[in-house]
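Student: Can you keep this structure in mind? I'll have questions shortly.
The values are calculated or read from the model by the stated rules, or taken from the named source; none is laboratory data. This one's a predicted model, so the numbers in the text were calculated from it and none came from an experiment. Glycine gets a Cβ as well: all are built from the backbone with ideal geometry, and neighbour counts include every protein chain shown.
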Amino acid sequence: MPKRSPDLPELLSGKKKKKEAPQESPTSSNTDAALASAASADLLAKALVNPPRGIAEEIETELCKLHGAPTSREYKASIRNLLANLRRNEVLRANVCSRALTPFDLVRMAPKDLATEKHREVLQKTEDKMMSRSTMHSAVQGLATSDFQCPLEECKSRACSYVDAGRRDIGKSETWGAKDAEGKGRAVTCLTCGHRWEADMC
């Protein structure tokens, strides 16, 4: 009796045996990483304009130690940010080239610290603006409480929020209709119907 082929059941059932995807050899992977590292070092050298011998390679090595292979997302994001700031920040380049700033410390600096003085001022203004908006939102939103009851007959809900009048510095007259922002009252908002009223602090 002739010996059946091991693939005969698959042929009879109409199912084809899946081919295994070729695995990438460690040698090929290492070669790609080496080429990527060399390319990164070349870009760093160009960004530094006239760097001392070997410093670009030292920076790239520290990047690999911190973020892993050059193909990792963290590495790519870090080197893009580093290259952009080295190109526009003359003071940063000088500190790196004079080795006043070591490659180890350079790759661990926050984006804000890598920026030029002018760019840092812009970032600070943006942060202050966002903080101001956040503070205003928190002040208007108030603190949740059940200590008050909505005075409207059709509501009478105890789901409320309040803002201490003495804490408001964003313009009480605009928000609640009072003439000044000083006082010992609380501006209360009913979370059920939206009604607002002033309540004395007891």
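Student: Considering each of Ala187, Ala144, Ala178 in turn, give the residue that is crowded, with 16+ Cβ neighbours inside 10 Å and either of a type in the set (Val, Ile, Thr) or at pLDDT below 85 (or both).
Tutor: Numbers: Ala187 fails: either of a type in the set (Val, Ile, Thr) or at pLDDT below 85 (or both); Ala144 fails: crowded, with 16+ Cβ neighbours inside 10 Å.
Result: Ala178 is the single residue among Ala187, Ala144, Ala178 that is crowded, with 16+ Cβ neighbours inside 10 Å and either of a type in the set (Val, Ile, Thr) or at pLDDT below 85 (or both).
Student: Suppose we filter Lys129, Lys112 for residues that are on the phi < 0 side of the Ramachandran plot, outside the structural domain of Glu60 (by TED's automatic domain parsing) and charged (D, E, K, R); which single one remains?
Tutor: On the way: Lys112 fails: outside the structural domain of Glu60 (by TED's automatic domain parsing).
Just a single option satisfies the conditions, and that option is Lys129.
Student: While we're on this one: Determine whether the stretch 90-111 contains at least one residue that is among the hydrophobic types (A, V, I, L, M, F, W, C) and at pLDDT below 90. Outline the logic, then answer.
Tutor: Step one: of the stretch 90-111, the residues among the hydrophobic types (A, V, I, L, M, F, W, C) are 91-92, 94, 96-97, 100-101, 104, 106-107, 109-110.
So of that shortlist, the ones also at pLDDT below 90 come out as 110.
Looking through the stretch 90-111, at least one residue is among the hydrophobic types (A, V, I, L, M, F, W, C) and at pLDDT below 90.
Student: Suppose the filter is under 19 Å from Thr61 (Cβ atoms), without any contact (Cβ under 8 Å) to a residue 60 or more places away in the chain and in contact with a helix residue (DSSP H, G or I) (Cβ under 9 Å, 6 or more places away or on another chain); does Thr116 pass it?
Tutor: Working: under 19 Å from Thr61 (Cβ atoms): no; without any contact (Cβ under 8 Å) to a residue 60 or more places away in the chain: yes; in contact with a helix residue (DSSP H, G or I) (Cβ under 9 Å, 6 or more places away or on another chain): yes.
It is false that Thr116 is under 19 Å from Thr61 (Cβ atoms), without any contact (Cβ under 8 Å) to a residue 60 or more places away in the chain and in contact with a helix residue (DSSP H, G or I) (Cβ under 9 Å, 6 or more places away or on another chain).
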